[in-house]
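The values are calculated or read from the model by the stated rules, or taken from the named source; none is laboratory data. Computed from a predicted model, the values in this text were never measured in an experiment. Heads up, the Cβs are rebuilt from the backbone with ideal geometry, glycines too, and the neighbour counts pull from every protein chain shown. When the accessible area is computed, the model is the full protein with side chains, heavy atoms only, and any ligands, DNA or RNA have been set aside. Shrake-Rupley method; radii C 1.70, N 1.55, O 1.52, S 1.80 Å.
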Amino acid sequence: SHAVLKDAMQDMERDHDAIFWTEDDPVSQISDKMTTLCCLVLRWLEPLHPTLADDWGSMALLWGTTCSIRPIAFRSLQIFRSLMPKVSQADLAQLLGRLSNTVAAQEANLHSFTVELMLTLESVAKSENLDPTLLPQLYWCTISCLSTPVEAEFIQLLDLLDSLLDRLDFNDPYIIE
């Protein structure tokens, strides 16, 4: 109803510091606020569009991997991580394809974008929605990227590798093979 919507908007105005971010906020704060805002939007709109989280996540991933305007690409990847929809083979291919074009790039302005892609892959690796059959591809991509000479990328890759190793059962002979 109109009254419920008005109350929700007033709640958002009252809690604006916990929901909205500025460009000067640290990345960790932006991520937390973005997750809070995405959850609010989903709570209001998912009853009208039950697949909104997956559809929005897919669109955010597309924008994050194809948009040439870096701030939009960064925010799109952050939205994808906030929503963390079920990741398909096509989604992983999109992320890995974009990563393969930017990892170890000589242009310094690409390094922060590459780290953002790796943060997204780490979120995918930690996600409960990840299809376990995608782990080998993600693992071998991570291993191949470890040869990057860019320190920030290498450090992020170690975190990604750690997340992947947590997901693998080394007591399973099939996994070991």
Which value, in debye to the nearest 20, gives the size of the charge dipole of the chain about its Cα centre, when Lys and Arg are +1 and Asp and Glu are -1 at the Cβ? 440 debye
Looking at the P(r) of the stretch 83-177, how many percent of alpha-carbon pairs lie beyond 15 Å? 58 percent
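Extension gain D162-D25, at 0.36 nm per residue separation less the Cα-Cα distance, in nm? Don't skip to the answer; put the middle values down first.
On the way: separation 137, 0.36 × 137 = 49.32 nm, distance 2.75 nm.
Roughly 46.6 nm would be gained on extension.
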Cross-link reach list, lysines versus K6, counting only Cα pairs under 22 Å and skipping chain neighbours closer than eight places: K33
Using a probe of 1.4 angstrom, how much of the accessible area of the stretch 1-63 is carbon and sulfur, in percent? 62 percent
If the cut-off is 12 Å between C-alpha atoms, which aspartates and glutamates fall inside it for K86, apart from same-chain ones fewer than 8 positions away? D54, D55, E128, D131
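Evaluate E = 1/(1 + (r/R0)^6) for R70 and K6, where r is the Cβ-Cβ distance and R0 equals 30 Å; express this FRET efficiency to the nearest 0.05. Numbers along the way, then the final one.
Values: r = 37 Å, r/R0 = 1.23.
E(calc), rounded to 0.05, equals 0.20.
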Can you tell me the FRET efficiency between D32 and F170 if r is taken as the Cβ-Cβ distance and R0 is 22 Å, rounded to the nearest 0.05? 0.10
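Solvent-accessible area per residue for the stretch 62-129 at a 1.4 Å probe radius, Å²? Can you show the working numbers first?
Working: 2980 Å² over 68 residues.
Here the residues of the stretch 62-129 average 44 Å² of exposed surface.
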Computed over the chain, the distribution of all Cα-Cα distances in 5 Å bins, rounded to whole %, is 1, 8, 15, 18, 19, 15, 10, 7, 4, 2, 1, 0, 0
Carbon/sulfur accessible area of the stretch 135-177, % of total, 1.4 Å probe, equals 58 percent
Once amide hydrogens are built 1.01 Å from N within the peptide plane, the residues lying 5 or more places from F20 or on another chain with amide H under 5 Å from its amide H are none
Taking the Cα-to-Cβ direction at S112 and at Q89 and moving 7 Å from each Cα, how far apart do the two end points lie in nm? 3.7 nm
